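Worksheet: one structure, shown below.
The values are calculated or read from the model by the stated rules, or taken from the named source; none is laboratory data. Computed from a prediction, not measured in an experiment: that's the story for all the values here. Note that we place each Cβ from the backbone using ideal geometry, even for glycine, and neighbour counts take in every protein chain shown. SASA here: full protein model, heavy atoms, side chains in, ligands and nucleic acids out. Shrake-Rupley method; radii C 1.70, N 1.55, O 1.52, S 1.80 Å.
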Amino acid sequence: MKIAQEAVDRIKEGNGNKINFIWIEANGCAGDIISFLNADEPDALYFLKEMVNLKYSPSLMQAEGERAYEEFLETLNTDFILGVEGSLTNVENGFYDIFAYYKGKTISVAEAVAKAAEKAKHIIAIGTCASFAGISAARPNPTGCTSLSGFLGREVINVPGCPANPLWVMGTVASLVLYNKVEVDDKGRPLMFFKDTNHVNCERRSYFDNKINAQKLGDKECMFKLGCRGPVTKAYCPIGRWNSRINWPVGDNTPCIGCANEYFPDGSEPFVRY
Amino acid sequence: MTIKITLDPITRISGPLSIEVEIEKNKIVNAKSSGVQYRGFEKMLTGRSPLDAVYFTERICGICSVAHGVSASLALEDALKVKPDANGIKVRNFAHAADFLQNIIRQICLYVFPDYVKISALPGSIGGDFRLPEKYTEKINEDYIKAIEYSRLAHEMVALIGGKVPHSHGIFVGGTTVSLDPFKIIRLKSILQSINDFIANNMVEDINIIAEYYTEYYKIGGGTGNLLTYGLFDEMGEGELHYVNPSVYIKGKAYKLNAKAITEGTAYSWYSGNKISRVPSMEPTETDIKKEGAYTFIKAARYEGKVMQVGPLARMILSGSYKNRISTMDRLMARVLEGKKLSEKMLKLLEIIEPIPAVQERYTIPESSVGMGLKDSVRGALGHWLAIEKGVIKNYDIVTPSVWNLSPVDERGQHGAMEEALIGTEIKDVSHPIEIGRIIRSFDPCLSCATHVITDCREPYYIDLI
């Protein structure tokens, strides 16, 4: 009887088949949520209406202050997917990145993430900072940033990219929502997007094969000699492209800078060399 | 009796901000704006290849990345003595303005609308002060949904020029890397026309509806009348493309900007020492999170020692496009009207952009040099200063709009612009202090950009921007 009543309540709320979603913005630029808003077919609206109940997102939610934090706490007692963008800083008790102030107590992002991770059904690191610590941990790593999996000491799903391409995030969440799992490689990256390097599918591959090289940015030939990281970067850029699939850095006559790589940015530099 | 309220998180802004106010007899008597995130970008940039500054600094900010690309490119062109290609400048300005439109649509519709209208697509509620009749509530809910589409389209324009966005590649030293052709031009034009329609027909009406039902916000949250801009479309000649020159407005008079009058102080910031540094300062030092009295990672930017307000309202007033009136609602109104103005200018700009291949060079990095790049981003004045030594970045100094608007108290006891705007505000219901969030969001805070390390003042160099 109680279960039936709960089911009725859930249908009334329109939440019947959808899992809750918490999107935390850790130490980073809040660019992964902006990138996600650029999603198309399906777009962010479809994501909100049909795929999940977005219960917590600092960029989008109506509530603020203590009420916002309470919504976060309430969601922890439900079935939810945890998405985290940005890397984790936990030095000085997390002082470099604060999540909320609640009943006289300051809660760090690190503390909130740890709390949510304990209960989440699935955990997704969204973007290179969350996946591999990224540019927030660039030399000399002023705030001691680590990846989400490094911070939690457990495996998570990693969707790197600076920012994460909305197509890759949407596809990953879709796999979880539709099939309750996603196939990943040894670095936790969904295989559907991180199987091949950008070089494998690059539209300028014939220039590379014929050793015809660009001399500078703006040229139409192969960018390898200018520092292109396509050959060592597994991602989906040449196929799925960016921003409603209309372009990507190589299409813009610039090299791939390997922003989805584990060692980005320090291992990618210089981004441009002549 | 004094009541202290801390609001954290302030949602629907970019990055983490905490606000503490003291209230006596329903009036805010003190306010502290506290940037509660620190990343240390300037420290990271030391020792890197100068050209990498463009793509590196874009990653400071997820919502205004193009602006950092523009300021970094300008600073590098200054340091490398590169004269950017004339068509390239136009293309870069077009992309810069396209990112303004993305920002303005998202900020007004996705971040500000929920302050005044119950948005059914969103979870949670901030309380019951929703005054609009049902038909307007429905209209604004529809436009909230449309804003998701039009802001995405604005970013499509940036991506056509920049390869991708956030964190574009095509805004670069020398102008741009994109090779334009007639198809790309007409594609940009068709997208821009639809955005222009949305802003001019939908958003202008929406903000007027909100203003009509929340008239007291024309009297709330003003703050300093001193205004500052680094200019926008100021290199586009004096004709119809021109927008606003680098300028300031102090105590009723307008002046040309003097870049050497900019300082940063740290009296109440979590950085060691409490010196006033001229900008740029030359040597990074350290954070000090145990510092007595400090309450933020944001420094106190000042101009001739004065608190300045930056952003769309400052630009609109300084360009003579908006009456000189400063309040919460005026900031929102000016932002929407600026979006309309810019999208109209972009349509004209597109007519003179040539569909030609990118003009790029193999740039040579000097053994040592300095450069400055000042340009307004959507939130206001954004400055990049770099020094090159032994062919790598020796020092990089960034002063963002949020460092102007959200700054803390300075060594003279002057509150930052947003703090000042909060102080004196009547709070109707102390248990639901909705006025605070509304005032804060009118400044469009970007905490992602508050990423500084303090630098000691040593042999500053001066550049006059006239």
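For the reader, a short list of remarks on this structure follows.
- Condition met for B:Gly380 (crowded, with 19+ Cβ neighbours inside 10 Å, small (Gly, Ala, Ser) and in contact with a helix residue (DSSP H, G or I) (Cβ under 9 Å, 6 or more places away or on another chain)): yes
- A:Pro42 meets the conditions (1) open to solvent by less than 10 Å² (accessible area, probe 1.4 Å); (2) over 29 Å from B:Ile289 (Cβ atoms); (3) part of a loop (DSSP other than H, G, I, E, B) in every case but one. The failed one is (1).
- Scan of the stretch A:64-84 for residues that are within 22 Å of B:Gly15 (Cα to Cα) and within 20 Å of the chain's Cα centre (by Cα), ordered by number: A:Phe72, A:Ile81, A:Leu82, A:Gly83, A:Val84
- Against the test of being in a loop (DSSP other than H, G, I, E, B) and under 21 Å from B:Val359 (Cβ atoms), the options B:Val82, B:Val54, B:Val66, B:Val70 yield a single qualifying residue, B:Val82.
- B:Glu351 meets all of the listed conditions (1) of a type outside the set (Phe, Trp, Tyr); (2) farther than 16 Å from B:Val244 by Cβ; (3) touching a strand residue (DSSP E or B) at 6+ places or on another chain (Cβ under 8 Å) but one, namely (3).
- Scanning the stretch B:180-214 for residues that are within 14 Å of chain A (Cβ to nearest Cβ) and outside any helix (DSSP H, G or I) turns up B:Leu180, B:Asp181.
- Residue ID - farthest from A:Arg273 (Cα to Cα), chosen from residues in the stretch A:198-229 that are within 14 Å of chain B (Cβ to nearest Cβ) and open to solvent by 60 Å² or more (accessible area, probe 1.4 Å): A:Glu203
- When B:Asn103 is tested against (1) within 11 Å of chain A (Cβ to nearest Cβ); (2) touching a Ser or Thr at 6+ places or on another chain (Cβ under 8 Å); (3) not hydrophobic (A, V, I, L, M, F, W, C), just one condition goes unmet, and that condition is (2).
- The numbered conditions (1) open to solvent by 10 Å² or more (accessible area, probe 1.4 Å); (2) part of a helix (DSSP H, G or I) are all true for B:Ala75 except (1).
- Cβ separations smaller than 6 Å between residues 6+ apart or across chains give the following pairs from the stretch A:52-75 residues that are free of Cβ contacts under 8 Å to residues at least 60 places away in the same chain and facing chain B (nearest Cβ under 7 Å) to residues that are in a loop (DSSP other than H, G, I, E, B) and β-branched (Val, Ile, Thr): A:Pro58/B:Thr11; A:Met61/B:Thr11; A:Gln62/B:Ile126; A:Ala63/B:Ile126; A:Glu64/B:Ile10; A:Glu64/B:Thr11; A:Ala68/B:Thr11.
Okay, residues lined up against (1) modelled with pLDDT of 95 or more; (2) farther than 20 Å from B:Ala31 by Cβ; (3) in contact with a strand residue (DSSP E or B) (Cβ under 6 Å, 6 or more places away or on another chain):
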| site | (1), (2), (3) |
| --- | --- |
| B:Lys290 | no, yes, no |
| B:Ala300 | no, no, yes |
| B:Val310 | yes, no, yes |
| B:Arg335 | yes, yes, no |
| B:Gly339 | yes, yes, no |
| B:Glu344 | yes, yes, no |
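- Hits in the stretch A:135-149 (condition: open to solvent by 20 Å² or more (accessible area, probe 1.4 Å) and under 13 Å from A:Ser268 (Cβ atoms)): A:Arg139
Residue-by-condition table, conditions (1) under 25 Å from A:Gly134 (Cβ atoms); (2) aromatic (Phe, Trp, Tyr):
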residue	(1), (2)
B:Leu7	no, no
B:Ser18	yes, no
B:Met44	yes, no
B:Phe56	yes, yes
B:Leu76	yes, no
B:Asp99	yes, no
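- If you go through the stretch B:161-179 and keep only what is in contact (Cβ under 8 Å) with a residue 24 or more places away in the chain and either in contact with a Leu (Cβ under 7 Å, 6 or more places away or on another chain) or part of a loop (DSSP other than H, G, I, E, B) (or both), you end up with B:Val165, B:Pro166, B:His167, B:Ser168, B:His169, B:Gly170, B:Phe172, B:Val173, B:Gly174, B:Thr177, B:Val178, B:Ser179.
- B:Arg59 being facing chain A (nearest Cβ under 9 Å) and crowded, with 24+ Cβ neighbours inside 10 Å: yes
- All of (1) in contact with an Asp or Glu (Cβ under 8 Å, 6 or more places away or on another chain); (2) over 30 Å from A:Ser268 (Cα atoms); (3) surrounded by fewer than 22 Cβ atoms within 10 Å (Cβ to Cβ); (4) touching a residue at least 60 places away in the same chain (Cβ under 8 Å) hold for B:Ser49 with one exception: (2).
- Residue selected from the stretch B:19-40 under the condition surrounded by 23 or more Cβ atoms within 10 Å (Cβ to Cβ) and within 11 Å of chain A (Cβ to nearest Cβ), by the criterion nearest to the chain's Cα centre (by Cα): B:Gly35
- B:Ala121 meets each of the listed conditions (1) more than 9 Å from every other protein chain (Cβ to nearest Cβ); (2) without any contact (Cβ under 8 Å) to a residue 40 or more places away in the chain apart from (1).
- Residue that is nearest to the chain's Cα centre (by Cα), among those in the stretch B:3-18 that are at the interface with another protein chain (Cβ under 7 Å from one of its Cβ atoms) and in a strand (DSSP E or B): B:Ser14
- Breaking point among (1) facing chain B (nearest Cβ under 10 Å); (2) farther than 21 Å from B:Gly40 by Cβ; (3) in a strand (DSSP E or B); (4) open to solvent by less than 20 Å² (accessible area, probe 1.4 Å), for A:Phe99: (2)
- Within the stretch B:168-179, the set of residues being within 14 Å of B:Ala98 (Cα to Cα) and at the interface with chain A (Cβ under 7 Å from one of its Cβ atoms) comprises just one member, B:Gly170.
- Out of B:Met203, B:Met236, sole residue that is over 15 Å from B:Ile326 (Cα atoms), open to solvent by less than 10 Å² (accessible area, probe 1.4 Å) and not charged (D, E, K, R): B:Met203
- Set A:Ala26, A:Ala63: member being crowded, with 22+ Cβ neighbours inside 10 Å and over 24 Å from A:Cys129 (Cα atoms): A:Ala63
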